[in-house]
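Comments concern the structure below.
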Amino acid sequence: MRDWDATRVASAAGATVVAAAPAGPTRAVVDSREAGPGDLFVGLRGERADGGRFASHALEQGTWGVLVSPEHADSTPQPGRGAVLAADDPLSAMQRLATAWRRELGCPVVGITGSVGKTSTKDLLAAMLAPHRRVVANRQNWNTEIGLPLSVLQAPAGTEVLVLEMGMRGAGQIAELAAIAEPDVGVITSVGPVHLELLGSLEAIAAAKAELIAALPAGGTAVVPAREPLLEPHLRDDVDTITFGPGGEVAELPADLRVPFRSAHMRSNTLAALAAARAVGVEPSGEVVVALSDMRGQRLMLGGGIVVINDCYNANPMSMRAALEDLAASAAGRKVAVLGDMLELGPDEERLHAEVGEEAEAAGVAVLVTVGPRAARMADTFSGEVHEAPDAERAAALVPDLLLPGDTVLVKASRGVGLEVVAGALETGAG
């Protein structure tokens, strides 16, 4: 947006210019502590604070300008110090600005959602495209109504592909994100029992994910798992559909494409990414150098040959199964699983947690540590060594003393459990 002056930025955002500034911003930020030269600071209203109160501070730090509600714009007179733009709803204004910038870029946009694997697929696709196209993808978990437009607005002029992960907790949210991003390609990695407490059924979950398919333009491309009956009612005749996985159109990786994964679920994510890359005209080859987003399966190598799989960003029955399969396939020594509560599963949560215990047994886990009241049900169906911790802090104190040289430790739970403290304790103890 560097070539957009204050008037054009305001017009795109549906805002009013209170004070002008030359040239335009290079990106948007919503944290005034991160705001600096060239930035557009957007003061969002939160539950606890109104970011517009920090507009003067942002301008003092040399930002290009601020986008805030009228009351803050009127109380932020900074003549000659930066642009001041006013909008009744700064979040909606930022989203409108992101859509305008997406259109200005004019490049293909790939939207990615799914019950499991969307972040890894996003990371894989960006890595596949990087040698061939100038690509921008969301950072970490920037997949919300705030993070997604910020991702778009950080894309520089000349970006050739946008890869945008889209998160969802309820009906209508994917449609909202897709309206901002206007994707040309929509990838649904999987449909599974995630957010059942809110949505009620797998059919409702599939419908919520399929909002991405509904948002595609005629002639766009939908990338979906092969043989997924829950998505079949949502497929469109005027959209090209590419299926991936066993029995799909993209079922095998090319011999000259090398990825650093062996597990079945990462193979599935890789096939989805490959299908999406082909949809934007790229045939990936060679070694795929991918850096997974934080807490999504990173491996920490500790002393004594201990390996920690830090996969504690989130969890649901599908991702737990996939992580345990990965542990079974990759661990050279004893397998240890630190597994916490899976949240928002609704009335079937006890059964679904008990099934994870069975899957840990099948994966050859030698030591199971359950964290939280729901996860305790896993112990009922697991016959090996079990330890129960009421919360993440107690688990962090317990786990280091359970490990032996050569162990591989999987750490996984829903985000609300906070199991990163266990991975942190293991890493700190090793240091």
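Observations on the model:
- Computed E for Asp88/Thr381 - FRET, C-beta separation, R0 51 angstrom, nearest 0.05: 0.40
- Global geometry of the range 85-149, whether rounded, prolate or oblate, following the gyration tensor of its Cα atoms and the 1.5 cut on a/c: oblate
- Fully extending the segment from Glu358 to Ala226 would add 44.9 nm, taking 0.36 nm per residue of separation and subtracting the current Cα-Cα distance.
- Summed residue charge, Cβ within 14 Å of Pro156's Cβ, Lys/Arg positive, Asp/Glu negative: +1
- Residues with amide H under 5 Å from that of Ala83, placed H, sequence gap 5 or more: Gly65, Val66
- Set of lysines near Lys122 by C-alpha distance (under 18 Å), chain-local residues within fewer than 8 positions excluded: Lys209
- The modelled label-to-label distance for the pair Arg415/Ala251, using points 7 Å beyond Cα in the direction of Cβ, is 3.6 nm.
- Length-normalised contact order of the range 193-303 in % [C-alpha pairs under 8 Å, at least 6 apart]: 19 percent
- Label sites at Ser201 and His132, each approximated as a point 7 angstrom past Cα along Cα to Cβ, lie 4.0 nm apart.
- Averaging the sequence gap over all C-alpha pairs within less than 8 Å and six or more residues apart, then dividing by the number of residues, gives the chain a relative contact order of 12 percent.
- Mean Cα-pair separation over length for the range 6-93, i.e. relative contact order, pairs under 8 Å, 6 or more apart, %: 32 percent
- Rounded to 5, percent antiparallel among DSSP beta bridges of the chain: 15 percent
- With a Förster radius of 45 Å applied to the beta-carbon distance between Asp237 and Gln298, the computed FRET efficiency rounds to 0.60.
- Antiparallel DSSP beta bridges within the range 6-93, as percent of all bridges there, nearest 5: 35 percent
- Per residue, the chain reaches -9500 deg cm²/dmol at 222 nm when only DSSP H runs of four or more residues are counted, each adding -39500 (n - 2.57).
- Remark: the Cα gyration tensor places the range 6-93 in the rounded category, a/c being less than 1.5.
- Whole-Å distance, taken between Cα centres, linking the range 367-397 and the range 191-243: 35 Å
- Shape class for the range 228-283, computed from the alpha carbon gyration tensor (a ≥ b ≥ c): oblate, with a/c not under 1.5 and a/b at or below b/c.
- Here the simple spin-label model places points 7 Å from the Cα toward Cβ, and for Glu145 and Asp31 these points are separated by 2.2 nm.
- Taking amide H atoms as placed 1.01 Å from N in the peptide plane, the amide H of Leu257 lies under 5 Å from those of Gly286, each 5 or more residues away in sequence or on another chain.
- Among the listed options [x] 1.01; [y] 1.04; [z] 0.96, the one matching Rg/Rh (Cα atoms, Kirkwood Rh) as calculated from these coordinates is [x].
Every number here is computed from the coordinates shown, using simple stated rules; none is lab data. Bear in mind the structure is a predicted one, so any value in this text is a computation, not a measurement. Because the Cβ atoms are built from the backbone with ideal geometry, glycine has one as well, and the counts that use them run over all protein chains shown.
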